[in-house]
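Have a look at the structure below before the remarks.
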Amino acid sequence: MSTPIDSTKYGPWAVIAGGSEGVGASFADQLAAAGLNLVLLARKPGPLEETAESVRRTHGVEVRTLSVDLTDPDAIKQIAEVTEGLEVGLLVFNAGANTYGHEFVTGDLEKFGKVIDLNITAQLELVQLFGAPMKERRRGGILLVGSLAGFMGSAQISIYAAVKAFCRVFAEGLWLEMRDYDVDVVEFVLGVTRTPAMARAGLNFDIPGMHVSEPEDVARQAIAALTSGPVQIAEGNEKAVSIRSGIDRHKLVLGAHEASKKMLPPSHDD
Ligand SMILES: NC(=O)c1ccc[n+]([C@@H]2O[C@H](COP(=O)([O-])OP(=O)(O)OC[C@H]3O[C@@H](n4cnc5c(N)ncnc54)[C@H](OP(=O)(O)O)[C@@H]3O)[C@@H](O)[C@H]2O)c1
């Protein structure tokens with residue numbers, strides 16, 4: 001099913017940070033189907049080129065790629081160079097799954113720092129790089145991919161949960177600031193989604209009763225939610241968000257902790 005998207009508002013170029021696989025590859029396919037040219041960013045050159053080639057072949061749009069680790073301090077400079085002269089009407093910040101699961105006090109601060117660098121530092125840098133010209137032009141869109149994890153603290157992923165909470169609150173403020181300039185901002189919150197990264201992390205997708213989304217579905221929903229910011233939730237996760245927003249935090253946090261022990265290995269390190 002194709003996604004209605006206003007290419008005059010969000011084009012002619014879209015940048016997808018984390019545009020090589022999973023939800024990012026679905027964003028690439030669906031945005032290209034709407035006629036947007038793409039700049040795809042990710043680390044592994046293989047899946048990046050595969051997605052770029054498939055999108056060019058299927059939709060006939062221009063696709064540039066940059067193999068870059070968004071946590072590298074000079075990533076933003078490389079991205080500015082590869083997008084020099086392009087009119088970027090849409091930024092999708094999708095990269096951001098957790099890379100390090102460990103209890104905090106004995107964990108590796110540098111590895112926790114990478115989770116912060118990706119989800120906070122790189123996200124903020126890209127939002128400024130592309131958001132400022134959007135404000136000038138008085139058109140565009142910024143789509144940030146969030147997580148159900150950002151609604152509650154969790155053992156082993158305390159930093160990931162906290163950065164996702166940061167991103168959600170940031171999206172709300174950004175939405176307020178940009179709406180006066182006709183730039184749409186939305187954080188689209190995902191629950192468990194069947195992506196290659198989660199499969200590699202050993203996530204158990206088969207827990208009875210657990211809602212699992214498919215990448216192409218959440219990408220379609222997220223694109224459709226662009227004008228409905230500041231925060232929208234992937235279908236099937238509304239109840240989980242509502243429960244996590246309750247005020248009896250002690251009971252909520254312990255209950256969710258028991259449930260999540262069945263889902264993920266106790267600690268992981270990419
Ligand atoms: N999957 C889920 O169950 C789930 C649940 C809730 C929220 N989310 C959110 O959904 C988004 C996508 O998650 P995902 O499961 O697809 O995993 P992901 O590891 O965020 O991967 C998504 C894309 O980002 C790229 N990427 C990851 N780290 C990068 C880095 N340091 N520099 C540049 N590119 C990077 C990946 O390619 P490379 O690996 O080649 O770099 C891939 O193209 C994330 O923001 C995540 O927090 C996912």
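Rule-based calculations on the coordinates, nothing more; no lab input. Nothing here was measured: the structure is a model prediction, and the numbers come from that model. Positions of Cβ are backbone-derived with ideal geometry, glycine not excepted, and every protein chain shown enters the neighbour counts.
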Handout entry: Rg to Rh quotient for segment 117-179, alpha carbon positions, Kirkwood Rh
Key = 1.04
Exercise for the section: Please work out the ratio of the alpha-carbon Rg of the chain to 2.2 N^0.38 Å and round it to two decimals. Expected result: 0.97
Completion exercise
Whole-Å distance linking the alpha carbon centroid of segment 129-161 with that of segment 1-56 is 18
Exercise for the section: Given the options Val253, Val192, Val231, state which has the largest fluctuation in a GNM of the chain using a 10 Å cut-off (strictly under) for Cα springs. Expected result: Val253
Completion exercise
Length gained, Arg249-Ala33, 0.36 nm per residue minus C-alpha separation, equals 73.4 nm
Problem - Extension gain from Asp108 to Glu87, taking 0.36 nm per residue of separation minus the Cα-Cα distance - result: 3.6 nm
Exercise for the section: Order by neighbour count: Thr193, Thr83, Thr8, fewest other Cβ atoms within 10 Å first, most last. Expected result: Thr8, Thr83, Thr193
Exercise for the section: Can you work out the PRE-style zone for Lys77? Point 7 Å along Cα to Cβ, and I want the residues of segment 29-68 with backbone N under 18 Å. Expected result: 66-68
Handout entry: Sparse-neighbourhood loop sites, trypsin sites (Lys or Arg not before Pro) in segment 97-188 - DSSP loop, at most 16 other Cβ within 10 angstrom
Key = Arg138
Problem - Long pairs among Lys44/Lys135; Lys77/Lys114; Lys111/Lys164, criterion Cα-Cα beyond 26 Å - result: Lys44/Lys135
Practice task
Using label points projected 7 Å from each Cα along Cα→Cβ, tell me how many nm separate Met210 and Lys9, to one decimal.
Solution key: 3.6
Problem - Neighbourhood charge, 14 Å Cβ-Cβ cut-off, centred on Val55 and excluding it, Lys, Arg +1 and Asp, Glu -1 - result: -4
Exercise for the section: Name the residues whose placed amide hydrogens come within less than 5 Å of the amide hydrogen of Glu235, ignoring near sequence neighbours (fewer than 5 apart) on the same chain. Expected result: none
